[in-house]
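**Student:** I am attaching a structure below and will ask some questions about it afterwards.
The values are calculated or read from the model by the stated rules, or taken from the named source; none is laboratory data. Values in this document were obtained by computation on a predicted structure and should not be read as measured data. Every residue, glycine as well, gets a Cβ built from its backbone with ideal geometry; the counts of neighbours run over all protein chains shown. Accessible surface areas use protein heavy atoms only, side chains included; no ligands, DNA or RNA. Shrake-Rupley method; radii C 1.70, N 1.55, O 1.52, S 1.80 Å.
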Amino acid sequence: MENETFKNIKFDNLNKIIYDKCTFIECDFSNINIEDVSFLDSSFIECKMVGVNISSSYLKNVLFDKCKMNLFIIGDSNIINVKFSNSSLVEGSLYNNVLNKKNYVFDNNDMSNITIYDSMNNVSLVNNNINGININYNNIKGSIISKEQTIILCGLLGVKIED
């Protein structure tokens with residue numbers, strides 16, 4: 001499917017096809033499994049994706065803008081340049097994805113209690129709420145954070161900070 005726009009649609013499932021240059025506006029993907037689907041140069045704008053499970057898929061040049069993605073899972077997928085902007089990613093999970101040189105971009109998201117098992121090397125987490133982030137030392141290594149976020153991440157190392 002190419003150059004299609006979907007607006008205000010409640011999806012029960014997605015066909016295992018390639019969505020190329022497609023735009024999804026105010027659509028609801030909540031609690032569905034999206035497996036073996038490819039999204040190329042596509043955008044999700046103000047979509048509800050609570051509990052969505054995107055697995056074994058291919059995401060290249062994909063934008064999630066102003067989406068509610070709480071409790072989402074993206075796993076076992078091939079990721080190239082996926083951007084999350086102004087979205088709620090609370091308690092979501094990124095794991096076991098095949099990452100390429102330019103993988104994730106995060107801009108002004110609520111990433112509270114997110115679990116990340118993918119490498120964040122050279123990925124900026126600045127300007128995102130990362131309170132309660134669950135990530136191991138090897139995956140956070142090389143990421144870019146703000147001074148304020150160092151306190152949050154020190155907790156991952158078991159460092160206690162006193163006033």
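**Student:** Around Ser93, what is the net charge, scoring Lys/Arg as +1 and Asp/Glu as -1 over all other residues with Cβ under 13 Å from its Cβ?
**Tutor:** -3
**Student:** Stretched out fully, how many nm does the piece from Thr115 to Asn127 gain, at 0.36 nm a residue minus the Cα gap?
**Tutor:** 2.5 nm
**Student:** A further question follows. Once you have the Cα-Cα distance between Asp36 and Lys147, take 0.36 nm times their residue separation minus that, and quote the gain in nm to one decimal.
**Tutor:** Length difference between fully extended and current span is 36.0 nm.
**Student:** Still on this structure, I have one more. For Thr115, Thr150, give me the order by solvent-accessible area with a 1.4 Å probe, most accessible first, ignoring ligands, DNA and RNA.
**Tutor:** Descending order: Thr150, Thr115.
**Student:** For the chain, set up a GNM with springs between Cα atoms under 10 Å and report which of Phe106, Phe11, Phe29 has the largest fluctuation.
**Tutor:** Ranking Phe106, Phe11, Phe29 by mean-square fluctuation puts Phe11 first.
**Student:** If each DSSP helix of 4+ residues adds -39,500 (n - 2.57) and the sum is divided by the residues in the chain, what number results at 222 nm, nearest 500 deg cm²/dmol?
**Tutor:** -1500 deg cm²/dmol
**Student:** Under a 1.4 Å probe, what is the accessible area of the chain per residue, stated in Å²?
**Tutor:** The answer is 51 Å² per residue.
**Student:** Quick one: what are the phi-derived ³J(HN,Hα) couplings along the stretch 105-120, Karplus 6.51/-1.76/1.60 with θ = phi - 60°, whole Hz, x for glycine and proline?
**Tutor:** 10, 10, 9, 6, 10, 8, 10, 4, 6, 6, 10, 10, 10, 9, 5, 9
**Student:** Can you figure out the FRET efficiency of Phe11 with Glu162, using R₀ = 35 Å and their beta-carbon distance, to the nearest 0.05?
**Tutor:** With a Förster radius of 35 Å, E is 0.10.
**Student:** OK, next. What percent do you get for the relative contact order of the chain when only Cα pairs under 8 Å and 6+ apart count?
**Tutor:** 12 percent.
**Student:** Can you tell me, using C-alpha contacts under 8 Å and at least 6 residues apart, the relative contact order of the stretch 24-104 as a whole percent?
**Tutor:** So the answer I get is 25 percent.
**Student:** Could you identify which residue out of Asn100, Asn128, Asn78 has the top mean-square fluctuation in a GNM of the chain using Cα springs shorter than 10 Å?
**Tutor:** Its mean-square fluctuation being the largest, the pick is Asn100.
**Student:** Residue separation times 0.36 nm, minus the C-alpha to C-alpha distance between Asn136 and Tyr95: what's the value?
**Tutor:** On the way: separation 41, 0.36 × 41 = 14.76 nm, distance 1.19 nm.
Extra length available between Asn136 and Tyr95 comes to 13.6 nm.
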